[in-house]
Amino acid sequence: MKHAMITIGLALGLISALAAQPPQPQAQGRGRGERPPADPRNAGGGNCSANPYNCIDTPNPLPAPDTVWMEEMTWMDVRDALKAGKRSVIVSTGGIEPNGPWLALGKHNYVLRANCDAIARKLGNALCAPIVPFVPEGSIEPQSSHMLTVGTISLNEATFEALLTDIAHSYKMHGFETIIFIGDSGGNQEGMKAVADTLNAQWNARPVVAHIPEYYAYNTVAKLLTDLGVTKADGPRDNLHDDPGITLNMFVTDPSSVRFDQRVKANKATIDGVSIADRAKSLELGKKIVDMRATNTVAAIKKAIADRRKS
């Protein structure tokens, strides 16, 4: 008992002595468990101190690739393209939806693969973001519109707009001065316009965010094919979610996306009375469609940017 009382007394005395000491100034620098401050030169997914290729200003060891697609570029390629003046980015939206018996579900994405490339190259100061394949395609539950067909992926409108907002915000933070929305499907247009309007108001058009509805003018494709004598205004219709303009546009990206070889073999290589069996001719027509759509879209982009900067 006597030993216990002595121990308690010593403990109380120690506590009192510690309590009477003035507070000690906090040590400078990081505390236990805190990370050191990030080096502002870190880039490329690693630390600058660990490898010079992780440093934001290290020269690119390789020549720039001949591509406008950021997903095919390294971060150094994108950095150098920005420095060289490619300060516009095209955010294109496609879809995953049913398109008749011949066309792949990613129809709009195959179209955009050819068209965004052509638009960016004609603009000369633009890069293409990865295509957004997920868009509103109808109510998920209960199912409606394209969601009635197996394989379709749909987003509700709020999710779609939130996705576009975060993509645009990412590019803003990286220094892009113009963010361009184009959509290859009708259900994408309202959401893109809403996001563009909201972000322009929030950012005071710095960067400019432009939705280009003129890109989706498929009536111009129909007119082109009529003018070229490929189709007739009163020609036959297969009544499918497909037409010669779409098929030929996809053909430029990948003939297998329209099941070219299989259809030729099965004697099914027509759409709305138009044969696609001649590979060279189909590719030539497809390139004319891509060139026309790119030319029209570039003109609309330039006008939209000029109008936005005036307002």
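Can you tell me how many residues in the range 171-181 are in contact with a Leu (Cβ under 9 Å, 6 or more places away or on another chain) and surrounded by fewer than 21 Cβ atoms within 10 Å (Cβ to Cβ)?
Residues meeting the conditions: 3.
Report yes if some residue within the range 71-87 is open to solvent by less than 10 Å² (accessible area, probe 1.4 Å), of a type outside the set (A, V, I, L, M) and at pLDDT 95 or above; otherwise report no.
No.
So in the range 190-225, with the set limited to residues that are among the charged types (D, E, K, R) and farther than 18 Å from ILE289 by Cβ, which one is least open to solvent (accessible area, probe 1.4 Å)?
ASP197
Can you tell me how many residues in the range 296-311 are out of contact with any strand residue (DSSP E or B) (no Cβ under 8 Å at 6 or more places or on another chain), of a type in the set (Gly, Ala, Ser) and either in a helix (DSSP H, G or I) or open to solvent by less than 70 Å² (accessible area, probe 1.4 Å) (or both)? Show your work before the answer.
Restricting attention to the range 296-311, the residues satisfying the condition of being out of contact with any strand residue (DSSP E or B) (no Cβ under 8 Å at 6 or more places or on another chain) are 296, 298-300, 302-303, 306-307, 310-311.
The next check asks that each one be of a type in the set (Gly, Ala, Ser); those that pass are 299-300, 306, 311.
After this cut, where a residue has to be either in a helix (DSSP H, G or I) or open to solvent by less than 70 Å² (accessible area, probe 1.4 Å) (or both) as well, the list is 299-300, 306.
Final tally of qualifying residues: 3.
Would you mention how many residues in the range 257-269 are outside any helix (DSSP H, G or I) and crowded, with 20+ Cβ neighbours inside 10 Å? Reasoning before the result, please.
Residues of the range 257-269 that are outside any helix (DSSP H, G or I), as a first pass: 259, 266-269.
Still in the running and crowded, with 20+ Cβ neighbours inside 10 Å: 269.
Looking only at that region, the number is 1.
Looking at ASP254, ASP184, can you tell me which residue is charged (D, E, K, R), in contact with a helix residue (DSSP H, G or I) (Cβ under 7 Å, 6 or more places away or on another chain), open to solvent by less than 80 Å² (accessible area, probe 1.4 Å) and closer than 18 Å to GLU161 by Cα? Please lay out each step first, then the result.
Details: ASP254 fails: closer than 18 Å to GLU161 by Cα.
Only one candidate passes the filter, namely ASP184.
Please list, ordered by first then second residue, the pairs with beta carbon atoms under 9 Å, 6 or more apart or interchain, first in the range 294-305 and within 14 Å of SER92 (Cβ to Cβ), second surrounded by 18 or more Cβ atoms within 10 Å (Cβ to Cβ) and of a type in the set (D, E, K, R).
ALA294/ASP117
For the range 270-295, name all the residues that are open to solvent by less than 70 Å² (accessible area, probe 1.4 Å) and part of a helix (DSSP H, G or I). Please lay out each step first, then the result.
At the first step, the residues of the range 270-295 found to be open to solvent by less than 70 Å² (accessible area, probe 1.4 Å) are 270-274, 276-277, 282-283, 285-286, 289-290, 292-295.
The answer is SER282, LEU283, LEU285, GLY286, ILE289, VAL290, MET292, ARG293, ALA294, THR295.
So which of ALA168, ALA158 ends up being open to solvent by 70 Å² or more (accessible area, probe 1.4 Å) and aliphatic (A, V, I, L, M)?
Selected residue: ALA158, the only one of ALA168, ALA158 that is open to solvent by 70 Å² or more (accessible area, probe 1.4 Å) and aliphatic (A, V, I, L, M).
The values are calculated or read from the model by the stated rules, or taken from the named source; none is laboratory data. Small disclaimer: the values here were computed from a predicted structure and weren't measured. With ideal geometry, Cβ positions are generated from the backbone for all residues, glycine too; neighbour counts draw on all protein chains shown. Note: accessible area is taken over every heavy atom of the protein model, side chains too, but ligands, DNA and RNA are not part of it. Shrake-Rupley method; radii C 1.70, N 1.55, O 1.52, S 1.80 Å.
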